[in-house]
Each structure stands twice: as structure tokens, then as C-alpha cells.
1. Of the residues Gly190, Gly146, which single one is out of contact with any strand residue (DSSP E or B) (no Cβ under 8 Å at 6 or more places or on another chain), at pLDDT 95 or above, outside any helix (DSSP H, G or I) and within 20 Å of Glu89 (Cα to Cα)?
2. Looking at (1) in contact with a Cys (Cβ under 7 Å, 6 or more places away or on another chain); (2) of a type outside the set (Lys, Arg); (3) surrounded by 17 or more Cβ atoms within 10 Å (Cβ to Cβ), which one does Ser41 not meet, given that it meets all the others?
3. Just for segment 77-126: of the residues that are within 24 Å of Gly23 (Cβ to Cβ) and in contact with a Phe, Trp or Tyr (Cβ under 6 Å, 6 or more places away or on another chain), which one is surrounded by the most Cβ atoms within 10 Å (Cβ to Cβ)?
4. Considering only residues that are in contact with a strand residue (DSSP E or B) (Cβ under 9 Å, 6 or more places away or on another chain) and either in a helix (DSSP H, G or I) or not polar (S, T, N, Q) (or both), which ones fall in segment 1-50?
5. Out of the residues in segment 93-115 that are in the same structural domain as Phe71 (by TED's automatic domain parsing) and part of a loop (DSSP other than H, G, I, E, B), which is nearest to Leu135 (Cα to Cα)?
6. Tell me whether segment 114-123 contains one or more residues that are among the polar types (S, T, N, Q), touching a Ser or Thr at 6+ places or on another chain (Cβ under 9 Å) and on the phi < 0 side of the Ramachandran plot.
7. Give segment 109-147 a look and list any residue that's within 20 Å of Ala54 (Cα to Cα), out of contact with any helix residue (DSSP H, G or I) (no Cβ under 9 Å at 6 or more places or on another chain) and not small (Gly, Ala, Ser), or say none.
8. Can you spot a residue in segment 158-173 that is without any contact (Cβ under 8 Å) to a residue 60 or more places away in the chain and within 15 Å of the chain's Cα centre (by Cα)?
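The values are calculated or read from the model by the stated rules, or taken from the named source; none is laboratory data. Computed from a prediction, not measured in an experiment: that's the story for all the values here. FYI the Cβ positions are ideal-geometry reconstructions off the backbone, even for glycines, and counts take in every protein chain you see.
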Amino acid sequence: MTFPKQWIEVINTASDPKKTMGGLIKRYIETAMGHYKGRISSWDVVNEPMAGEALYPSIFTQSMGEEYIDFAFKIAQEVDPDCSLFLNEQIIDYDGPSGKAFLALLARLLEREVPIHGVGLQSHHINRIHDTEALKKYIRTIGEMGLKVEITELDMRLLLFGDEQDPYQAQGDQFKKIVEVCLDDPACTGVTLWGLTDGANWMDGVPPFKWKSPNSPNILDEDMRKKPAYVGIWEALKGAQNH
């Protein structure tokens, strides 16, 4: 069995790239999902298909165009009909061109009756703090399309809050706001953090972020002590429970 890093050579030398790509996708999904069938309630079937306003250029689009997304979801449904199938993407400008392009992609998938059940909205706060009001409207728009939403990959660089009197508290307040946005909309069914402790975070190992500190993007510090971010999430959950 070939692995994803070998697929480029396989596709570039294939006499029928579309058929070959379909076979690779099918085998990969059948192997992964089949192994965990009945034990996993939801799958990220396609991850980060967009590059701004268009699909990310890759061997998938090269060989199958946008249809690769349809194909992957249909195979996933065949393998595990009881699983919720998600498309995961990082959207920053919810009101801007890339945000609108992603909504248009979702509309096309639904029009073609692709078996997509939900959307994962990545929430890496890397270069700027997310607009929570815009996020709230975006979730509602997706919910009105009949899709579930999850906040995924949530983390945020402490450096973004460097101008605040208490950067750690400001970071915690933003964590709380993001979770509250999800809790306030019935379409939003979950929040996933992208790490727990600042002692083991991806930003410290990836340029250019590793050269700019502090990153400290998670809810526990290097010694596993609770930060205001942890408390913010707890307060958001407690507030929802009391309502």
C-alpha cells in the first residue's frame, strides 16, 4: 500500500490520474475508517481544502478537481454510515473573500447532495485575534444550511495580547468568548483544543513563530498549572449550565 507522501509520484506517472487518485482515496479511507468503524463518532474527511478564495492546488485537484471532495465523503459514508462526516478549514476573514468562498463551496457540496454533516472551523489565533461577533454570524449561517459546526484546533499566541495590561487574562477572556459563541448556537456541537500545555506546543517549533515569543498558546502553563484560559473555559461552561 502506498502512503500519501508517495502519491505525487504515483499520480504523475499514472495513465489515468483521476481513476488512480480515486483508488488511492478509496483505499485510504477504507483502511482508516474501517479499522475504527463503530468506535469513532465523527471524522474529519477533508482537511483544509481552501487556499484563500480557491481550492488549494494539489494532486487531488490536479487529478479530480473539486470532485475529490465529493468522492471522499461518499466513500466515507459507505464505509461507516453511522459516522458524522466533517470538512475542516481555517477561516480568518469570516466576512471577507475567503470566508465567502468557503460558504460557496459548502453550498455547492450540498447542492450536489454530498453526504457532509458538519464543518470544523479551525481557531488558531496566529497573526491576529479573531472577531467573535463575525464568528458568531458565520456559525449561524452554516447552521442555517443544515450543517453542524465545531470549533477545532483552538489555541492563541500570548504575543497577540502583548499590549494588554494583563496578557494572560486577555488571552483567557478570548478563550471564554470563543467557547461562549459555540455554546450560544445550537448548531455548534463541540470545541477542540490544539494542545493543553505551553510546555509542548507546536508554535515553539515552527518558523517564524519559534523566533517570536512568548507563544504560550494553551490553557495550562509549562508546569501544567491552570492559566486564565483554563478558567475562562470553565466559566463559559458553568454559565451555560446555569442557564
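1. Unique residue meeting the criteria: Gly146.
2. Just one mismatch for Ser41, condition (3).
3. If we take residues in segment 77-126 being within 24 Å of Gly23 (Cβ to Cβ) and in contact with a Phe, Trp or Tyr (Cβ under 6 Å, 6 or more places away or on another chain), then Ile116 is surrounded by the most Cβ atoms within 10 Å (Cβ to Cβ).
4. Listed by number, the residues that qualify are Ile29, Ala32, Met33, Tyr36, Trp43, Asp44, Val45, Val46, Glu48, Pro49, Met50.
5. Residue satisfying both the conditions and the ranking: Tyr94.
6. Scanning segment 114-123 turns up at least one residue that is among the polar types (S, T, N, Q), touching a Ser or Thr at 6+ places or on another chain (Cβ under 9 Å) and on the phi < 0 side of the Ramachandran plot.
7. Selection gives Leu110, Glu111, Gln122.
8. The answer is no; no qualifying residue exists.
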